[in-house]
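*Asks:* The structure is given below, and queries will be raised subsequently.
The values are calculated or read from the model by the stated rules, or taken from the named source; none is laboratory data. Keep in mind that this is a model prediction, so the values were computed, not measured. Here the Cβ is made from the backbone with ideal geometry for all residues, glycine too, and neighbour counts use every protein chain on show.
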Amino acid sequence: MDVERLNLDAASYRQLREEHGTPDAVRGAVAGIIEQRGKMHNPVTGSGGMLLGTVREVGPESPLGLKPGDRIATLVSLTLTPLRIDGGVDGLAGWSGESEQVPCRGTAVLFGRSIAAVLPPDLPDELSLSVLDVCGAPALTDRVVREAGSGSSVLVLGGGGKSGSLSLAAARKAGAGRLVALVPTEDEADAVRGAGLADEIVVADARNPLAVADAVGERVDVTIVCVDVPGCEHGAVLATADGGTIVFFSMATSFSAAALGAEGLAADVRMLIGNGFVPGHATFALDLFRETPGVRELFERRERHTAST
């Protein structure tokens, strides 16, 4: 496929920005990773993202149902996608280095067990890419909340972000009775409150376990972790009731910290790794985005904020 735009995952982009500082340095780091590894595979976070482009050629035995000329978003990680950017560092000259979406030109290859979605005609490319980047989160949230039963209580750590806002909407649709969004700032709290996505919005540092537990109060049946910073495992454990379920979607998660922390806290919780794939996840996320105006408001707010900085 001919590549038009990369979408770096949130944990990877945050790490690159914090380590390298300036936009030029971030741009150089991304170009260097792709050049050295032949793919966008952040060596620190182990994550990558996904991309948008146009199908150039399809093998005769391809099972993906795509044809030349289809404009698609890949639904498989960039850590698994062979990628070449035309022009190296200069090939990223059209990217400011100040957002997760990276305009570029290049070539990528998908395999027989890769997954991709044809871009919908009714949404701008940037919005479609943002939704599809996190489409596994709301789909698995829907499944887990339905398993927990109608009226179950749900907490979303990082409820103001892309995966977090979609997960809030999915939990509501699945019948959550008490829906709590935890965000890091009052500004994000105001945005989630204005979008009408949660019953309770609490402000706390998700990396502080006691602060999370205090802010949430009564423990919940399901916790969805959508933050893009490390160190949020123990707060999720403390906020979840015995017999409850935690779903870790963040690529910043330390799964050893989660497992050992739950053991150390004597917490009888089921912990799931959100692997990004649930059958029908792309369609589910796009439909949820269309039917939930508050989610679109938060996505567009993020785009405006990125453009202003």
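*Asks:* Taking Asp268 as the residue in question, decide whether it is within 23 Å of Ala148 (Cα to Cα), in a loop (DSSP other than H, G, I, E, B) and among the acidic types (Asp, Glu).
*Replies:* Yes: the conditions hold for Asp268.
*Asks:* Just a yes or no: is a residue in the range 208-224 buried (at least 21 other Cβ atoms within 10 Å of the Cβ) and part of a loop (DSSP other than H, G, I, E, B)?
*Replies:* No, the conditions are met nowhere in the range 208-224.
*Asks:* Return only the number of the condition from (1) in a loop (DSSP other than H, G, I, E, B); (2) under 20 Å from Ser153 (Cβ atoms); (3) touching a helix residue (DSSP H, G or I) at 6+ places or on another chain (Cβ under 8 Å) that Gly276 does not satisfy.
*Replies:* Every listed condition holds for Gly276 apart from (2).
*Asks:* OK, next. Restricting to the range 70-82, name every residue that is assigned to a loop (DSSP other than H, G, I, E, B) and either of a type in the set (Ser, Thr, Tyr) or at pLDDT below 95 (or both).
*Replies:* Leu75, Val76, Ser77, Thr81
*Asks:* So Ser77 fits all but one of (1) hydroxyl-bearing (Ser, Thr, Tyr); (2) over 25 Å from Gly280 (Cα atoms); (3) in contact with a Gly (Cβ under 6 Å, 6 or more places away or on another chain); what number is the exception?
*Replies:* Failing condition for Ser77: (2).
*Asks:* Another question about this same structure. Checking the conditions here, which among Leu260, Leu286 is part of a helix (DSSP H, G or I), at pLDDT 90 or above and buried (at least 16 other Cβ atoms within 10 Å of the Cβ)?
*Replies:* None of the other options fit; the residue is Leu286.
*Asks:* When residues of the range 107-116 are filtered for being under 19 Å from the mean Cα position of the chain (by Cα) and either at pLDDT 95 or above or buried (at least 21 other Cβ atoms within 10 Å of the Cβ) (or both), how many remain?
*Replies:* Looking only at that region, the number is 1.
*Asks:* Suppose we filter the range 83-106 for residues that are in a loop (DSSP other than H, G, I, E, B), surrounded by fewer than 16 Cβ atoms within 10 Å (Cβ to Cβ) and not small (Gly, Ala, Ser); how many remain?
*Replies:* Within the range 83-106, residues that are in a loop (DSSP other than H, G, I, E, B), surrounded by fewer than 16 Cβ atoms within 10 Å (Cβ to Cβ) and not small (Gly, Ala, Ser) number 2.
*Asks:* Between Gly21, Gly69, which is in contact with a strand residue (DSSP E or B) (Cβ under 7 Å, 6 or more places away or on another chain) and either assigned by TED's automatic domain parsing to the domain that holds Val109 or at positive phi (or both)?
*Replies:* Of Gly21, Gly69, the one residue that is in contact with a strand residue (DSSP E or B) (Cβ under 7 Å, 6 or more places away or on another chain) and either assigned by TED's automatic domain parsing to the domain that holds Val109 or at positive phi (or both) is Gly69.
*Asks:* Another question, then. Is the range 43-58 home to any residue that is more than 15 Å from the chain's Cα centre (by Cα), surrounded by 15 or more Cβ atoms within 10 Å (Cβ to Cβ) and of a type in the set (Lys, Arg)?
*Replies:* No.
*Asks:* Could you pull out the residue among Ala204, Ala148, Ala181 that is surrounded by fewer than 24 Cβ atoms within 10 Å (Cβ to Cβ), touching a helix residue (DSSP H, G or I) at 6+ places or on another chain (Cβ under 7 Å) and of a type outside the set (Asp, Glu)?
*Replies:* After applying the criteria, what remains is Ala204.
*Asks:* A further question follows. Here is a list: Leu16, Leu66. Which entry is out of contact with any Asp or Glu (no Cβ under 7 Å at 6 or more places or on another chain), more than 26 Å from Phe284 (Cβ to Cβ) and not polar (S, T, N, Q)?
*Replies:* Leu16
*Asks:* Run down Gly28, Gly46, Gly65 and say which single residue is part of a loop (DSSP other than H, G, I, E, B), at pLDDT below 95 and touching a helix residue (DSSP H, G or I) at 6+ places or on another chain (Cβ under 9 Å).
*Replies:* Gly46
*Asks:* Same structure, new question: Output the number of residues of the range 92-127 satisfying the condition of being among the polar types (S, T, N, Q) and either over 25 Å from Val58 (Cβ atoms) or in contact with a Pro (Cβ under 7 Å, 6 or more places away or on another chain) (or both).
*Replies:* Matching residues across the range 92-127 total 3.
*Asks:* Out of the helices (runs of 4 or more DSSP H) lying entirely within the range 107-182, which hold 2 or more residues that are of a type in the set (Lys, Arg)?
*Replies:* By residue number, 136-148, 162-173.
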